[in-house]
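Participant: Would you mind keeping the following structure in view while I ask a few things?
The values are calculated or read from the model by the stated rules, or taken from the named source; none is laboratory data. Keep in mind that this is a model prediction, so the values were computed, not measured. A quick note on method: Cβ atoms are made from the backbone with ideal geometry, for glycine too, and the neighbour counts reach across all protein chains shown.
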Amino acid sequence: MKDFAGFTGGGLPQDILAEAQSVAEQMDGRSDKELLRAIYARAAEGKRAGTLTNAQIDAFVAQFSPMLDDAKRKKLARLAEELKKM
């Protein structure tokens with residue numbers, strides 16, 4: 001997956017799981033801040049290219065928010081709102 005266009009919000013397709021594993025390996029040992037920057041940069045690129053919609057952002061947030069603690073959930077929500085304004 002080169003962008004978030006394949007994300008549908010229901011279950012995680014194999015390409016997303018493979019991408020997540022690849023990114024996790026690349027980010028191993030890096031801080032949460034660096035990880036968030038990488039996610040934001042990839043999502044912003046998708047928004048600018050027109051391959052990431054606000055509905056896909058909402059679906060991504062809904063899928064991953066339950067796995068995060070309250071502080072990280074709030075950060076993700078703030079990033080999502082910023083992205084949706086692009």
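Participant: Could you list, in sequence order, all residues of the range 48-63 that are surrounded by 13 or more Cβ atoms within 10 Å (Cβ to Cβ) and modelled with pLDDT of 90 or more?
Facilitator: Asn54
Participant: List every residue pair whose Cβ atoms lie under 6 Å apart, where the two residues are 6 or more positions apart in sequence or sit on different chains, the first residue falls within the range 64-81 and is surrounded by 14 or more Cβ atoms within 10 Å (Cβ to Cβ), and the second residue, located anywhere, is among the polar types (S, T, N, Q).
Facilitator: Sorted first by the residue in the range 64-81, then by its partner, the pairs are Arg73/Ser65.
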